[in-house]
1. At what distance in nm do the modelled label points of Trp53 and Asp4 sit from each other, each positioned 7 Å from its Cα along Cα→Cβ?
2. Shape verdict for the stretch 76-143, please, from the Cα gyration tensor: rounded (a/c under 1.5), prolate (a/b greater than b/c) or oblate.
3. Just to confirm a number: summing +1 for Lys and Arg and -1 for Asp and Glu over residues other than Ile90 whose beta-carbon lies under 13 angstrom from that of Ile90, what do you get?
4. Check each of the chymotrypsin sites (Phe, Trp or Tyr not before Pro) in the stretch 43-140 and keep only those in coil by DSSP with at most 12 other C-beta atoms within 10 angstrom; list them in order.
5. Carbon and sulfur together cover what percent of the accessible area of the chain at a 1.4 Å probe radius?
6. Phe75: net charge of surrounding residues, Cβ under 15 Å, Lys/Arg +1, Asp/Glu -1, itself excluded?
7. If Lys and Arg each add +1 and Asp and Glu each add -1, what is the summed charge of the other residues whose beta carbon sits under 9 Å from the beta carbon of Arg101?
8. Can you tell me the accessible area per residue over the chain, all protein chains present, probe 1.4 angstrom, in square angstrom?
Amino acid sequence: MSFDSTDIGAVVNALYTVLSGPAGERDWTLQDQAFHPHARLMRTGADEFGVSWMKTMTLQEYRENVALFFQTVPFYEAETSRRVEQFGNIAHVWSTYEERRDPRAREIERRGVNSIQLYLDPQGHWRIMSVIWDNEREGVALP
């Protein structure tokens, strides 16, 4: 699959496309097209005492981290709203999402926010530099 990497929205859509699908392997070539090679992915949350934590990963570390999960669990993450701010060669996307095991299911597994930072490279292509996300939980509701 290809997309218009000169369009911020298309790059963000590619992020959701690479994540979503039935249980099984993902096509990571799409991730390589959407992300800068030095990108970082950061999962955040809180432990049972409410203390925040963060796991920072390279693209390869992320793939290794989610490999077993994606291999065994259907995962469909759909964007529910998006706010884009751009200044020169940088952009920030605030993207809320819902996760389901089946894209047609009514039951939502979880909701959250992806904070996505992009860079406009010298060839005029938007590349994701980082994604940091957190899931909705008790005491933390979507805005």
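The values are calculated or read from the model by the stated rules, or taken from the named source; none is laboratory data. Here the structure is a predicted model, which is why all the values come from computation and not from measurement. Backbone-built Cβ (ideal geometry, glycine too); neighbour counts: all protein chains shown. Accessible surface is based on the protein model in full, side chains and every heavy atom, while ligands, DNA and RNA are left aside. Shrake-Rupley method; radii C 1.70, N 1.55, O 1.52, S 1.80 Å.
1. 4.2 nm
2. It is prolate, given that a/c is not under 1.5 and a/b is the larger ratio.
3. For residues surrounding Ile90, the net value is -1.
4. Phe49
5. Carbon plus sulfur share of accessible area: 53 percent.
6. Once positives and negatives cancel, what remains is -1.
7. -3
8. 58 Å²
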